[in-house]
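Nothing in this text is a laboratory measurement; each read-out follows from the coordinates by a stated rule. Everything numeric in this text was worked out from a predicted model, so none of it was measured. All Cβ positions, glycine included, derive from the backbone under ideal geometry; neighbour counts span all protein chains shown.
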Amino acid sequence: MRVVAAILLSVSSAFAYQVTSPGGSQGWTTSGPNYLTWNRVSTDPLNFTAVLTNTNTTVMPINNQVLNALVDGTVGTIQCNPPSGGWPTGDGFRVNLAQDAEHLDSLLAQSDQFSITGSTTTGTSTSTTSAS
Ligand SMILES: *[C@@H]1O[C@H](CO)[C@@H](O)[C@H](O)[C@H]1NC(C)=O
Ligand SMILES: *[C@@H]1O[C@H](CO)[C@@H](O)[C@H](O)[C@H]1NC(C)=O
């Protein structure tokens, strides 16, 4: 009994924010509008900060770009603001739901990886990267 109670307690106290979009085949575009949708349970914090991340510095030279700060977690979906400098393009992006803008490493949830594509998707995008 004790064990069962402990398990239930740890589950109910865990953060349960869950990003449902973007992720996987649901990507974003540079023209937008780009929507973030998520699930939340009543024990979750009331608000979060949406952060765009990509570990590939070729795709996004400055990692952890805040999109929307102090988002009301109860609304379930928002349209994300582009980062300063506009939307980057490429693969391997994730959106983090951070606790707040001062603690971008304290994550409540993280999306699956997704791509951000240019609004004109005809042809191949040629990007030349010069190693310094
Ligand atoms: C944001 O959420 C935290 C944790 O739930 C809460 O303490 C704080 O008052 C909220 N702030 C606003 C502006 O809603
Ligand atoms: C980073 O992105 C560039 C451009 O899309 C790609 O060529 C390169 O392979 C990526 N690097 C890694 C480590 O994924």
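Annotations for the structure displayed:
- Net length available on complete extension from Ala69 to Ser106 is 11.9 nm, with 0.36 nm assigned per residue and the Cα-Cα distance removed.
- Fully extended contour minus Cα-Cα distance, from Ser42 to Ile78, at 0.36 nm per residue: 11.1 nm
- Equivalent ellipsoid semi-axes, segment 13-117, via Cα gyration tensor eigenvalues times 5, rooted, Å: 22, 14, 12
- Within segment 63-124, all pairs of alpha-carbon atoms sorted by distance into 10 Å bins from zero give the percentages 18, 50, 26, 6, 0.
- Local net charge near Thr53, Cβ-Cβ under 15 Å (Lys/Arg +1, Asp/Glu -1): -2
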